[in-house]
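For reference, the structure is listed below as structure tokens.
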Amino acid sequence: MKKRLFTPFIIAALAASGCQYDQEGKGLYNENGNTVNVAARNDNYNSNKDSDSFGYVRHQKSPTAGIEKATVKTPVINREQLADVIGRLAVQLPNVHDAATLVTDEEVLIAYKTDSNNKFETADQVKKTAASIVPRYFHIYVTDNPNLFKEIESYSTLDGESPNINRNLNQTIQRMLKSPQGRKLNAGENANGEGFGEMNESIDHDIKDQ
């Protein structure tokens, strides 16, 4: 699929998914801490705006020092809902029939089943589906190996504090990297979004250009 056709597809699909979450009163980002309701403060925020409209919000720092820390919630990622949206979009791609998605604090792991004759292109599309949604610092790994479905699922009840979690995830990622990963995202990053010279470069995975 051509890149210029892929992006509008993802945006349209994500908008549809977003409408569903809005109707349920949920979102991809929860908030942590105390807050002042933005709509109640009339900060140019229209919660009833049509979903087809552009989104615009303006915030101004309070003249009272420290009030933001005391009253404004810090957005945090809802990883379960993020994984759900990525999976829903992935199975809408051509030749992708099943997808298992794990979102950690800085990685997305996706195992999928496909009957595609071009495994490289399919891997590229699945990866870019996730890349269009998650924060930019995330690293994304994909695999069409059906044997890794259960392995990825085994992490669903764990978290970043689980014993040996980093070592185990690294081992899973190494197995995933035996599958096609698609094209590198740009000149400064490899196919998985790992940038050259990152602070956590020592735990990144050396991928040859594909």
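Taken together, the values in this text are just the output of simple stated rules run on the coordinates, not laboratory data. The structure presented is a predicted model; accordingly, all values stated were derived computationally and were not measured. Virtual Cβ from ideal backbone geometry, glycine too; neighbours counted across all protein chains shown.
I'd like the residue in the stretch 111-127 that is crowded, with 21+ Cβ neighbours inside 10 Å and within 11 Å of Q181 (Cα to Cα) and, out of all such residues, is nearest to the chain's Cα centre (by Cα).
Here the answer is K127.
Only one residue in Y141, Y155 is in contact with a helix residue (DSSP H, G or I) (Cβ under 8 Å, 6 or more places away or on another chain), more than 15 Å from Q181 (Cβ to Cβ) and of a type in the set (F, W, Y), so which one is that?
Values: Y141 fails: more than 15 Å from Q181 (Cβ to Cβ).
Among Y141, Y155, only Y155 is in contact with a helix residue (DSSP H, G or I) (Cβ under 8 Å, 6 or more places away or on another chain), more than 15 Å from Q181 (Cβ to Cβ) and of a type in the set (F, W, Y).
Among the residues of the stretch 183-197, write down those that are in contact (Cβ under 8 Å) with a residue 60 or more places away in the chain and either assigned to a helix (DSSP H, G or I) or among the hydrophobic types (A, V, I, L, M, F, W, C) (or both).
Within the stretch 183-197, A191 is the sole residue that qualifies.
I'd like the full set of residues that are outside any loop (DSSP other than H, G, I, E, B), surrounded by 11 or more Cβ atoms within 10 Å (Cβ to Cβ) and of a type in the set (D, E, K, R), limited to the stretch 132-182.
If the condition is that a residue be outside any loop (DSSP other than H, G, I, E, B), surrounded by 11 or more Cβ atoms within 10 Å (Cβ to Cβ) and of a type in the set (D, E, K, R), then E151, E153, R175 are the ones that fit.
May I ask you to list the residues in the stretch 85-114 that are part of a loop (DSSP other than H, G, I, E, B) and out of contact with any strand residue (DSSP E or B) (no Cβ under 7 Å at 6 or more places or on another chain)?
Taking the stretch 85-114 as the starting set, the residues that turn out to be part of a loop (DSSP other than H, G, I, E, B) are 91-95, 104-106.
Residues satisfying the conditions are Q92, L93, P94, T104, D105.
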